[in-house]
Each structure stands twice: as structure tokens, then as C-alpha cells.
Amino acid sequence: MTEVMARDTSIEPVVVKTSVDQRRARIVGVILIVLAAIVLGVFAFGVTPEAQSTFNLSLPTDAIQGLSVTVNSRFFSGLMAVIIFVLGLDRMRGRNLGFTNGALGLGLLAFVLAFLTWAAADGSFSMVGMLRSTVISAVVITLGALTGLTCERSGVINIGIEGQLLTAAFVAVVLSSAFGTVVGVAGAMLIGAVLGALLAWLAIRFRVDQIIAGVVINILALGLTSFLASRVLSEAQDLNAPARIGSWRIPILADIPVIGPMFFDHTFFVYGTFLIVVALHFGFFRTRWGLRVRSVGEHPKAADTLGIDVLKTRYRTVISAGLIAGFGGAFLALAQISRFEENMTGGIGFIGLAAMIFGRWMPFGALAAGLVFGFSGALAQKVGILGTGIPSEFMLMLPYVATVIVVAGLVGQARPPAADGQPYIKQ
Amino acid sequence: MALELKGITKRFPGVVANDGVSLTVGSGEVVALLGENGAGKTTLMNILYGLYTQDEGTVSIDGQVLSLDSSSDAIAAGIGMVHQHFMLVPVFTVAENVVLGQEPTGLGGVIDRDEARKTVMDISERYNLRVDPDALVENISVGVEQRVEIIKVLNREARFVVFDEPTAVLTPQEVDEFFGIVEGLKADGKGIVFITHKLGEALRVADRIVVMRAGKVVAEVLPADVTTQDLADLMVGRSVDLQVDKVPAAPTDTVLTVRDFVVLDDRNVKAVDGVSFDVRAGEIVGIAGVQGNGQTELIEGLVGLRPVMSGQAHLGDIDITDFNPRQLHEREVSHIPEDRQGSGLVLDFTVAENMILDSYYQRPFSRGVRMDWDATFESAERLVEQYDVRTPGIHVPVSTLSGGNQQKVIVAREFDRDVKLVIASQPTRGIDVGSIEYIHNQIVAKRDAGAAVLVVSSELDEVLALADRVLVLFHGKIAGEFSPDADVTDIGLAMLGSAV
Amino acid sequence: MSEREPGRRVPEEAPTVESWVDRATGVGTSIGKSLMLPTLAVITALIIGGIIIALSDTDSLSILFSDPRTALRQMLSEVWASYRALFRGSIGSVYSISETLFAATPLLLAALGIALGFQAGLFNIGAQGQIIMGALLATYVGIYVTAPGFIHIPLTLLAGIVGGLIWGGIPGLLKARTGAHEVITTIMFNFIALFFIQWILTTPGLQDPGRNNPVSAALAETARLPKLFGSSYRVTIGFLIALAAVFAVHWLLYRSSLGFEMRAVGANPHAGKYAGMNVALVVTMAMAIAGGLAGMAGANQVMALDPYKASPALAGFVGFDAITVALLGRSNPIGVMWAAVLFGALSAGGREMQGAAQVPIDLVVVLQALIVIFVAAPGLIRVIWRIKGETTESQQVTSGWGA
């Protein structure tokens, strides 16, 4: 082992590779090998040798029609099994420990492909359709995660995202029905910010436990929207009928096969989400605003000694983050469902929270996590249609089970902002 | 140019932290503010830096009274502060930490990174501070962190710089380097306030020494006019006797045997790297060393709070290497932890509850799963009496007690039983002199009763006063073994890492 | 941890001696003081609720500008009618009181579990899922075991406890072993339980024969909880069982060594570890016991509620309301008992309000949320009512994602 130089004042820390990483690699290796066995036993040999799986790569609306890929189901699944097995063996050898998560990701991807091949054996499956709904399902999750990470970067835990989304959805529907889309979206964002202000006020001014404050906001939002929905919307049905929002099809780009329908034929909400991701990333890591917000979330006392107003910064950040949640709520109500229903968020805000952790408090991480969760949701839908004999409830469980696994497996490694959840007490 | 504090008074509920304190520092002058823990030095400096607001008195520069409501006011007035606990964001780079709050920005608030880097390099070169602007703060050593703090202050064009206990976390060599930097700042015309409780350092670096005690300035002297002993007397208000009354040790059997101990710190770096030593019954072994040389990890490894990577520890014949705290407790090992409030006590619990924190599950405090509160209260009343814990009662939360009395609660809990081995980590850190003496005497009494005692302290004086044998820990290794009567210079050299 | 200078020991950081946690160690609480804040919280919430009722009265709003006096009078009478119905439905008659206690029973059981978690530093949002899993197992035993009532009832209850215990214990174990935050895992377990019950109630064996939606067959007569005041009142001996649970939890927390461990670990896990406590075990136990209590509430939902069948909706909002009950009761079993009765009253009264005054019962949820906000932020109540005192003391029970 490395000798520490006795006379050197700025010693480079000698990081000892602990057995923890090796153990993790080995566990992942075992998991992958088990997955390979499942793929081979169930997916490859669960179909007839001559079965063919067809994946459609174009939608009926596409400019270029009839793109599809057809593979021999058993051969393809067998190939996936081999890939997963090799990845697993490689992990068992315990080298190149940094790649463990990557290997797990690739292995899971191969597993899903094999699964789809099996499910679509002797039939066809709209791959593009699923990828497109992945992107759409990812929007609210990503926006929720962005709201959460923005708050938490400043040191305030926001568990009330669910409530912000729900209230914003309600306001969006009512205002959009009455005054049009623009007012609807603006109002939704505003109410998101108002609830953000309430959270900030409780957490900062009264130092209410931040998780409790968030939970209470969720309950308040649920009660208030349900109350108003049955008291007002049930009588004034015309307030629950917002105009449908059309897609903005981006010329040329939307005609690219697969990529086009996935990314370039959506409502402005989808483009807006991508824009927010980029803007937040740039903002957090390149600008004065970001440096200050992060300093307040990491070491508020240090920020304070440099003349940065910790509490004001937190107020501002949490309130602005509410705008993002409001945007998400508007999307849910106006673009996805087009009306308000009681408890229509159904816990998606919490999935957003998990995506925030999964994405390690990074905007692009949140987007990636949102896409992963969106994919598992879309998968559940599509597989339900295919009729594989797997109860749809189990497919619907998937995102939640995945979240538990992610949180249990990753929290040790992902590091939240150091002052996350701690009230700042200035003398 | 001169910075002047006049008649500063600051009251906290129940305490007068500063009582009519006055202090002046001119350009190119180093003033040492000397006092023991709790004398009110830090409070005074927090007022100067705008973190607290004084109840009475004024702060002025060249006769112009300042109103300091926040640190930004202090910064604007040209006052800079290097805090005892560095105010650096670990996940930021050096340059980001330096420019935070005064970022050079371009269009739309985008930070000009080259400009930030250049700022750091310029100051770094001018004062010979040698830092890498792109290094992450969490990856640099404590000494470098301090230099980053100094760059932060200089970047804000401070004319007066306050250093709060700047040497506490430095190795002796870094201390030398630090004093070099202070000389440079002084030559550049900065006025410097140097807060410390270390007499030697005050004598070495200061042009003037201001001594505080119990919130008041008790003396203002020139280094040439006083001796260390004079200063010590001024600091505590009576003749201090740093010696602890004790008879020579009569060690018998070996109780604790530690061999080739290796323990990692939180960053997975080897903090303890092959340490071996013995502690015998009836002797006190002291571990000296600059803070951060593996003391914390060594003790946590010994008491089962941190996994031991390799090596063994034996208690008599029993291998205790992988024992957990409870197993050790049951083998008659007492542990006074380094972090009194963080791990030694449950602050929300009452004195009585804290008194049984590690023996609550044993008779007489519980029978089966049922707690016997009567027995607990009875015992707590007795311990409060016996160990001189000053508290309104056993039912008040322990958080309402002073640091010294909190520590006595721990000592009472750990000592009021048969004890084979005492492991005491920083047993008197940050507590009043009366409690220090009391706790020292209790530790010696345990030794005389036949216990083996291991004391760790970053205060060399404490180790020398208590120990019968002194081990010096440097960079996770034992750098030498000494008798407490040995030449302090030799021990100092060992703490510095020089072979003896 | 920083060194703290004795001179800067700031006593106001210390919890007040008359802290609301009824310390087993004998420090009494001043009854008047400890009741004042919750009472004011309820009153304030009712006032705000009244404003919400008035402002959502579309008939009156439409004439507010043309005929403000009539509009205001209509609004006031609407609020008056609503609250009168609320009171009548909760305490107006023996039947109302029976309804209140009936509604309070599952709330009390589940909230005791959540309160226990709070004391151990854990925020269990998973009562909902634990109720479902407890109810499922209880349903199974209630249908398939044949035994006389005095055996069948305890057995079915026990099954409920086991179901909740497992569903709460797993997140506890995950927290202890991997650090996975219980807030996230328990929420996920709620969803998993919900999908699970939707599926399993459609499988033969549990599904009510002849139905195609997820509903179980009815429990055997012998597994149903006897009524407390005769067959015309719905409250069952389940309420007495819940009361017994109050005292059991109180004993556990303040009189047992496990409770001492839970409270110590909850207040300072480092100190717990240092003092030799098995923190992982304590955390797992606390979550499991909390789950067991919620599971009992789940058993109650199938054993006491006509038609004695399990369905995906069986938990209603009990699991979430229980969180607010636990917060309102400030995690103290006795306080939780009163809070549960209050919420039971709101819920029973809310139904009457919906029926008699056409004000949606969702208002009750709003009232509950408001009450908890005010209880969690005493400073807010003090500001509103201009009461002197420290304005910022509040309850910190959770500790971010890390711990």
C-alpha cells in the first residue's frame, strides 16, 4: 500500500478501494447472470423456433411509411441472453469497477428488448409509438424532478410537488376553459409558485419540518381541489372543458424516422421541458445565480459570511421552482388529459421525487430518470395491449418497484446538497 | 488607519458574553486576542464581522462609526475574517469559493471563469500562497483550505483581517508557513487580529496582546514584557497549575494490546496506518498529535464505531477488534467520546435518561423489557450529587446544562461502575477550568483504582499533565514514545513528523 | 460538530421544559398551555374553512355585486348550516357519537403507528399500503379459517397485524441496511400494495363469486367485530381495541427498554450507536411495529365495516389522515387519541354536512390540513392571534435524505 509522505503538506488522499465496490460488482454480476438465464429460458425458449417479432418503426402519420424490423424471436432473445451473460461474467471478475452501473443499465436494456421480442412473437409491436409515449410520460416526471432539485439545490426539501401539480392542473383547467390556454398556463404556473411560497414560508419563517410542510401541502391541495371540483366544477361543467392543445410539428425534423415522432412532433410543453432542462443546467453551473443558490444549499453559513442572503435566496428559489411544477400541472391537465379529475396526479409527483434522486440532483439526470420512468410506464401500457398473460397490475407496479430498487441501491452513492432539509438559523 | 472597538457589550440569555470590551488595531499591526474558551473572543469577532449585533458600544474605522448589520457591511468596510471552521463549500472549486458573492460575470450573469481563475492566481502569486484554482475544495488539505480562506479575504480587499484560532487544525509545519503569510500581510499594511488560546503563538506573532477573561479585557501587554506564565495567570485569573496532582504510576498487567491497526476515514483514506501500542492497568497513556492525524479514527476503530481494516486489539486475552460498543461496555470498557453533543448525549433527553444511555437495558434500570424508572431516578440523583453535576434537577433536558456539566454527566455515566479500561477522547474540550480540573482528577482516580487509561487530546499540555507515557500520532502512525518529562521540543518534533 | 463555547450556550435552543411529549420521567405538562395551541388551531381552521365555503358558493357569488347584502347573508347562512350539520353529525346524538368513534377507530390505530415512527425519527407515509396488506391477510383468515368467534376474531386481527408488519418492516429493513429513505420507499410501497390488491382480488379464491371487479367474498360471521352499543350503532369493540393500543404504545415508548432505544435513536442516532444500541434493528422494529398497528387498522376495515369485504378502496384516506392525526397529537399516544377522535368527528360530521348542506366532504380534508399546518407551525397561530412567545419553535422530526 502507498506510503504517506511524512514531510509533504498537501498530501493527495490515497483512496483505498474498499471491498464495497467489489461486492456491489459481484452482486450485479449475479443479477445479470440470473437475468440471462431468464431471457434464455423464458423469452428464447418460450417461443416457437420459427416465431418472428416485428417492430414497427413508423407511425401512420409519418412521412416515411412502412419502416419495420423483423427478427427471429428465439435467435434475438438468445443473442440478448449471451450479451447479458457476458456483461455479468465481466462484473464477476471484479475489474473496472466504475462500469458496474453502466453494465447494469446495458444488461437491463437487453433484457427489456428480449422481453419485447417475446411479447411481440408472431406479431408486431409499435416501437415508435412506445418511444413516443415514453417522451410524453416523461414530461411531468421530469418537471416534478426539476422542481424538486431546484428547491433542494437551495437546501429546501420539497415533498409538496404532488400538491403543486394537482393544484396547477385544477387552475389550468378552469382558467383555460374560461380565458384560453395562455391564461390557463400562466395561472397554473402562478399557483405553483404560490404553493412554493407557502412551503418556503412554513419552512423558512416558521421552520416547520420541511417534509411535514410538504406533506401538508399535498393534503391541502387534494382537499381543496376535490372540494372545489365537486362544488364548483360539477355545477359549471363548461369550466372543465379546456381547449385541446395541438402539436407543433417541427418541419423536416419531424419527418426523420423514429427520432421525428419521438422528439419533434409534440405540444409546446414537451419542447418547453427540454428548454427548462438546458436552462437549469446552464443556470446552475455557469451563472452567478446558480453558484449562489448552490452555495446556500451546500454551506449556508459560508454563503452568509460572504454577504449572500441565505433566506432570501431560498425564498426566491423555492418560489421560482413552483413555476416549473405549475407548468407540469398545466401539461397534465391541458395536454395529457384535457379535463380535471379528482386526484388526477395519482402520485406522479412522488415519482418525480424519485427521479430527482435517481438523477442525482442534476437537470440532465432528472431528464434521463424521467425518460426511464416514462419508459416503464409506456411499457406497462403497451404490454397490456399485447396480452401476454402477465396481469397489467404487475406492469403498472414496475415504476414503483424500480423506484424502491433505485433508492435502495443508489442513495449511498448519490449525494444530496449538504444542507438539504436543514433550516438556516442566523443569530 | 485604525480599527477601533469601543465598549462592546453583548448579552445572551443568562450570560454576558462581552462586557464593555475595547480593542484597537492599526495598519501593519498584529494584535493577539488571547483568552480561554468561553472568554468571549469569538462573540466579539462575530460582532465585528456583522454576524451578531452588539447591545452597547461602537465599531469604527478612523473615527467613523460603522453600522454592521450583516457580513456584507463588514466586507464593505474592509474587514475580513478567517473563521475557525472554514467557510468553504466542499463541492466548489477553489476559484468558485474565492469569487462567491463577488463573481466576475459577463452577459446574463454568466460567470467569467478565466477571470475568476486569474484573480486566484494573482493573489496566490503575490503572497506566495500556492493554490490550484481548479482544485475541488473537498480534495485539498486543511492547510491549503486556510490559504484559500485568506485569498477570499484578500480578494475582498480587506484592510483588517481577523483570524479565529487559525492554528488549531494545522500541523506544526503548516503553522510556520502560516506565520510567514501573516508576516507578508503585515508588511502589506494589513491590520491583523489573531484570536488564540495558545500562549506561545501569541508571544511569537503579536505586536500587542489583549487578554480577555469572562467577557472582559483584563490586560493589554507587549510580548516583550511578559512570560508565558504571566499570560496564563491573566487568562484564567488565578495561578494556573497545569500539573495534575498524582502519584507516580504503578502499572501492572497489560490490559489493552493494539497491533498493526489500520482504519479508514470517511473518504476511504487510511487515517490510521499500522499503529501498535499497549496500555497497562494503573497507567495513563496519552496520545498527542495535531488534530486530524488519525486520533478520531483510531478511537472509533477501538470502540467499535468504525470498521477496522486490519490489525487486532485485545482486551486481556479477548480479541475485541470487531466488538461493537455494547460488547465493549459489557467487558468493562468506558468511553468518553470526542463529540460530546453529537454522540455522547441525547440533548433532548433528561439528565436522568442520559445517565443510563448505555446501561438502560441492565439491572437495576430495567427488568426484562420493563424500565425501572424509580431505580433510574435514584441512581441519577446519587450521580448528580457524587459527580458534582450542576443542574436544576435530573428531569431537565441535558441541553440546558453548560458544557462542563454535560461532560460530567458523561463521566458519571462512564465511571460509575467497574472499569477495566477507560478511553477518553478530548475529555475537556471547550469546557471551563473548574470542570477540567475535576475531570482530570476523576481520570487519575480511575487509574489509581487500577484501570488502564487511554487519553487522546489535541492539547499537548493536557496530555503531558495527565499521561504517564506519551505516544505521538502523526499521519496515522506512531511517531514516537515519550515520558511526560521529556523535552517538549522533542515531542514537538515528533508531532511534526521528524524522526527522533 | 463544532465546539460550543459555554458563554454562547443559548438556552432558547433547548426544548421547553413543558414540552408536549409526556415524558415518562415525570415532567408534567401544563394542561392549559398544551391545549391552547391545538384548540386555536382548530378554531382558526374552522374560520378559514368557513371562508372557503362562502367563497365557493356560486349562487351567492353571482349576485355579490348586484345585491351584496343578500349575497353575504346567504353566504353566512350557508356556513352556519354547514357547521351546524358538521356538529350535529359528529356529537349531536348517540348515533353521531357512535359514528365519530367508528370513524376514529382505524385512524387511531394507524396514527399510533405513525406517531411511534416519529418518536424513532422515522416518517412512515406508508400506513395506506400497510392497511391494505393487513386487511388482505385478515380477509384471507376471515374467510378461510373456521373457528368460534373468540378464536377467530383474535386470529383475524393477528393476521392483519402480520400483514402490516411485513409491509412496514421491509422499508424499515431497507432503511437500516441501505439507507433508502423511508419517505420514498413507503410511498412506493403504497402504490405497490394498491396494484397488488387490485390484482389479487380478481383471482379465484379471494374474489367474490359472481363479481368481475376486484372485491373479496365476505368474512365469516365469526370474524366480524361485535358491535359495542347494539346493532343499530356501527361502533364496534374495535374502538376498545384501539384504546388498548394507545396504552400499549404508551407503555412501549415510555416504560420499556425498546421504547427508550427508539426515542434515543430518534433524537440522536449517533448517540444511540455510541451507547451500544443496534440502530438498524431499532429502526426496523419501529417500522415493523408501526406497520403492525396500521395493519390492525386494515383488519378493522374488513372486520367492522359492512359488508365485511375487502376492496382496493378499503383504506380510503385513512393512511394519509393518520399522518395528520399523528402530527396533531404531537406523536404522543394520548394526544394522538384525542386527535383521532377529533378527526373521527370531522369525518362523521362531514358526511352529514355533505348530505344536509350539500357541502362536499372534501372540505374536511382541507380543515385537517389547515389544523396540522397550524399545529406544526405554532408561530403562525401566535402571529394570527397575537400571542406572545417564541415564534419559531417547531417540530423537527425528519432529517433530510441523508440520515
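Throughout, read-outs are computed from the coordinates displayed, never taken from laboratory work. Everything numeric in this text was worked out from a predicted model, so none of it was measured. Glycine gets a Cβ as well: all are built from the backbone with ideal geometry, and neighbour counts include every protein chain shown.
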Taking a 21 Å limit on the Cα-Cα distance, which of the listed pairs A:K301/B:K152; B:K198/B:K270; A:K312/B:K6; B:K198/B:K408 fall beyond it?
-> B:K198/B:K270; A:K312/B:K6; B:K198/B:K408
Taking Cα atoms, the helix B:373-386 axis meets the longest principal axis of chain B at an angle in degrees (rounded to 10) of 70
Longest principal axis of chain B (C-alpha) makes with the long axis of helix B:142-155 (C-alpha) an angle, in degrees to the nearest 10, of 30
Going 7 Å from the Cα of A:Q65 toward and past its Cβ, which residues in segment A:231-268 have a backbone nitrogen under 18 Å from where you end up?
-> A:255-258, A:261
Relative contact order as a percentage, segment C:194-244, C-alpha pairs under 8 Å and 6+ apart, gives 19
Kindly give the semi-axes, whole Å and largest first, of the ellipsoid equivalent to chain C, taking each as the square root of 5 times a Cα gyration tensor eigenvalue.
-> 33, 33, 19
For B:V65, put the label point 7 Å out on the Cα→Cβ axis and report which residues of segment B:14-30 keep their amide N under 18 Å from it.
-> B:20-24
Estimate the FRET efficiency between A:K312 and C:T178 by the formula 1/(1 + (r/R0)^6), using the beta-carbon distance for r and 60 Å for R0, to the nearest 0.05.
-> 0.95
Which one of C:A322, C:S257, C:H270 has its Cα pushed farthest toward the positive end of the charge dipole of segment C:238-343, where Lys and Arg give +1 and Asp and Glu give -1 at the Cβ?
-> C:H270
Chain lengthening between A:A236 and A:I256 when straightened (0.36 nm per residue, less Cα-Cα) | 2.8 nm
B:V91 versus A:F179, label points 7 Å from Cα toward the beta carbon: distance in nm?
-> 3.8
Treating only Lys and Arg (+1) and Asp and Glu (-1) as charged, each at its beta carbon, one finds that chain B has a dipole about its Cα centre, in Debye to the nearest 20, of 500
What is the spin-label model distance, in nm, from C:F247 to B:A76 if the labels are put 7 Å beyond Cα along the C-beta direction?
-> 6.6
Calculate, in nm to one decimal, what B:L107 and B:D122 gain on full extension: separation in residues at 0.36 nm each, minus their alpha carbon distance.
-> 3.0 nm
Bins of 5 Å from zero: percent of alpha-carbon pairs in segment C:122-280 | 2, 8, 12, 15, 17, 16, 12, 8, 5, 3, 1, 0
Could you tell me what fraction of 2.2 N^0.38 Å the Cα radius of gyration of segment B:53-203 comes to, as a two-decimal ratio?
-> 1.08
24 Å Cα-Cα reach of C:K309 towards lysines, excluding residues that sit fewer than 8 places from it in its own chain = C:K227
Shielding of C:261-274 by other chains, given as the mean Cβ count within 10 Å, works out to 6
Give the calculated FRET efficiency between B:Q229 and A:L109 to the nearest 0.05, with a Förster radius of 60 Å applied to their Cβ-Cβ distance.
-> 0.20
q = 0.07 Å⁻¹, the protein assembly as shown: log10 I(q)/I(0) [Debye, one scatterer per Cα] = -0.84
With only helices counted (DSSP H, runs n ≥ 4, each -39500 (n - 2.57)), the per-residue ellipticity at 222 nm for chain B, to the nearest 500, works out to -9000 deg cm²/dmol
Would you mind pulling out the separation of the Cα centroids of segment B:270-306 and segment B:433-500, in Å?
-> 12
Rounded to whole Å and sorted largest first, what semi-axes of the equivalent ellipsoid does the C-alpha gyration tensor of segment A:355-395 yield via the square root of 5 times each eigenvalue?
-> 28, 9, 4
Orientation-averaged projected area, Cα convex hull of segment C:57-172 (nm²) = 12.2
Where does the Debye-calculated log10 I(q)/I(0) of chain A sit at q = 0.11 Å⁻¹, using only Cα point scatterers of equal weight, no solvent?
-> -0.95
First check a/c for segment C:141-223, with a ≥ b ≥ c the square roots of the eigenvalues of its C-alpha gyration tensor; if it is under 1.5, answer rounded, and if not, answer prolate when a/b is larger than b/c or oblate otherwise.
-> oblate
Considering the zone a paramagnetic label at B:K6 would reach in this model (a point 7 Å from Cα along the Cα-to-Cβ line), which residues of segment B:47-74 have amide N under 20 Å from it?
-> B:47-50, B:53-69, B:74
What spacing in nm lies between the two simple spin-label points modelled at B:Q386 and C:V94, each 7 Å away from Cα in the Cβ direction?
-> 6.1
Can you tell me the dipole magnitude for segment A:139-267 around its Cα centre, using point charges on the Cβ only (Lys, Arg +1; Asp, Glu -1), in Debye to the nearest 20?
-> 260
Assuming R0 = 41 Å, can you tell me the calculated FRET efficiency for the pair A:V278 and B:D319, based on Cβ-Cβ distance, to the nearest 0.05?
-> 0.10
In chain B, if every C-alpha pair distance is counted and binned at 10 Å from zero, what percent goes to each bin?
-> 4, 17, 25, 25, 18, 8, 2, 0
